[in-house]
1. What pairs come up if the first residue lies in region 25-45 and is closer than 16 Å to R125 by Cα, the second is modelled with pLDDT of 85 or more and not small (G, A, S), and their beta carbons are under 7 Å apart, counting only those six or more places apart or on different chains?
2. Looking at this structure, is A253 within 30 Å of M164 (Cα to Cα), among the small types (G, A, S) and free of Cβ contacts under 8 Å to residues at least 60 places away in the same chain?
3. Examine region 159-168 for a residue that is in contact with an Asp or Glu (Cβ under 8 Å, 6 or more places away or on another chain) and among the aliphatic types (A, V, I, L, M), and state whether such a residue exists.
4. Pairs please, first residue from region 137-164 and basic (K, R), second anywhere and outside any helix (DSSP H, G or I), Cβ atoms under 8 Å, 6+ apart in sequence or on different chains.
5. Given the conditions (1) over 30 Å from A20 (Cα atoms); (2) open to solvent by less than 100 Å² (accessible area, probe 1.4 Å), and given that A120 satisfies all but one, which numbered condition is not satisfied?
6. Taking only region 220-263 into account, find how many residues are among the hydrophobic types (A, V, I, L, M, F, W, C) and either outside any strand (DSSP E or B) or open to solvent by 40 Å² or more (accessible area, probe 1.4 Å) (or both).
7. Consider M36 carefully, then state whether it is part of a helix (DSSP H, G or I), surrounded by 21 or more Cβ atoms within 10 Å (Cβ to Cβ) and touching a Lys or Arg at 6+ places or on another chain (Cβ under 7 Å).
8. Here are some residues: V300, V296, V258. Which one is in contact with a Leu (Cβ under 9 Å, 6 or more places away or on another chain) and closer than 23 Å to R176 by Cα?
Amino acid sequence: MAELTTLESLMEMGFDRNRAEKAVASTGNQGIEQAMDWLMVHENDPDIDEPFVPPVGNVVGGAAVTQSPTDEPSIADPAEGTAGGDGSIDVDDPSKVPLSEEERLEQVRRLEELMRLKQAERRERERAEELEREKQRRKDGQELQHIRQKLQDDDMKKLSDQRMKEKMEDKMARQRVKDKIARDREERAQKFGVVAPSSTATSSQPAQPTPPSPTSHGPPPTKKEYDESRIQIRLLDGSTLTAVFKAQEPLAAVRVYVQVNGNTPEGQDFTLLSPYPRNEYTELDMEKPLKELGLVPSAVLVVIKK
């Protein structure tokens with residue numbers, strides 16, 4: 001009983017001759033399994049159905065391929081009978097008996113079963129690869145989520161540090177104002193001979209009468225006049241600006257300065273607020289001088305949305 005060649009077997013299974021010839025040539029005519037594997041791997045190639053042009057000396061179905069300069073490239077058809085040990089049926093060789101219909105169908109059935117096994121193995125391999133890609137995708141997603149969470153935590157820490165810094169600056173500003181007031185009182189007391197009460201004095205020790213100063217009946221001390229005001233402005237995003245204004249400038253000058261130098265969004269309506277003591281300024285206040293509003297010699301203002 002003669003066996004079908006690889007090329008014949010592929011064509012019996014339903015593959016067209018062009019694809020079968022490509023599979024046999026590409027696998028070096030190593031057998032039906034290698035040819036089937038090649039066809040399943042390359043079945044979606046864009047050039048799979050382009051005419052097959054074998055190189056000189058290539059073997060398809062066991063026959064050497066010859067090409068003349070004038071003829072179109074062709075492959076020896078094993079079914080037509082070839083010589084030289086091509087594995088096909090040689091009509092001149094009486095030792096090679098053609099397959100009966102039952103034998104041919106049985107061989108085709110075995111090849112189809114082999115092809116189904118190969119396809120099942122391929123589907124299983126593709127499922128395993130898809131599962132591995134899904135695992136990798138989830139791993140990448142978790143890593144990305146971890147990075148986003150870390151960035152968010154870093155942003156929150158920066159915001160917390162900024163707020164703490166602003167509170168410290170406000171505290172230092174208030175302390176400077178208190179120290180300034182205390183120095184002014186001490187200077188006035190020394191200038192006019194008034195003894196400031198000592199914090200270490202107790203109720204058990206009666207206060208000694210202070211001798212009248214020759215200048216105690218003189219004219220009252222004149223209040224120091226300030227020509228400028230140092231204003232610290234806290235913006236909507238938490239950043240701060242510091243600028244010096246004339247004492248007679250209106251509060252509106254401060255608002256214009258914020259509009260020009262701050263990062264307030266365009267079109268955002270806002271007003272100013274004094275935190276200590278809390279006082280939200282109105283449009284009427286915007287026309288009043290800084291001195292009249294008690295913002296001289298220094299003050300802290302907060303920008304708030306209307």
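1. From residues that are closer than 16 Å to R125 by Cα, the pairs are W38/T27.
2. Values: within 30 Å of M164 (Cα to Cα): yes; among the small types (G, A, S): yes; free of Cβ contacts under 8 Å to residues at least 60 places away in the same chain: yes.
Yes, satisfied.
3. Restricting attention to region 159-168, the residues satisfying the condition of being in contact with an Asp or Glu (Cβ under 8 Å, 6 or more places away or on another chain) are none.
There is no residue in region 159-168 that is in contact with an Asp or Glu (Cβ under 8 Å, 6 or more places away or on another chain) and among the aliphatic types (A, V, I, L, M).
4. Pairs that qualify, where the first residue is basic (K, R) and the partner is outside any helix (DSSP H, G or I), are R163/G238.
5. (1)
6. The initial filter retains those residues of region 220-263 that are among the hydrophobic types (A, V, I, L, M, F, W, C), namely 231, 233, 235-236, 241, 243-245, 247, 251-254, 256, 258, 260.
Restricting the remaining residues to those that are either outside any strand (DSSP E or B) or open to solvent by 40 Å² or more (accessible area, probe 1.4 Å) (or both) gives 235-236, 244, 247, 251-254, 256, 258, 260.
Total meeting the criteria: 11.
7. Judged against the criteria, M36 is a match.
8. V296
The values are calculated or read from the model by the stated rules, or taken from the named source; none is laboratory data. Since the model is a prediction, treat every value here as computed from it, not as a measurement. Counting neighbours? That spans all protein chains shown, and the Cβs are built from the backbone with ideal geometry, glycine included. Only protein heavy atoms, including side chains, enter the accessible area calculation; ligands, DNA and RNA are left aside. Shrake-Rupley method; radii C 1.70, N 1.55, O 1.52, S 1.80 Å.
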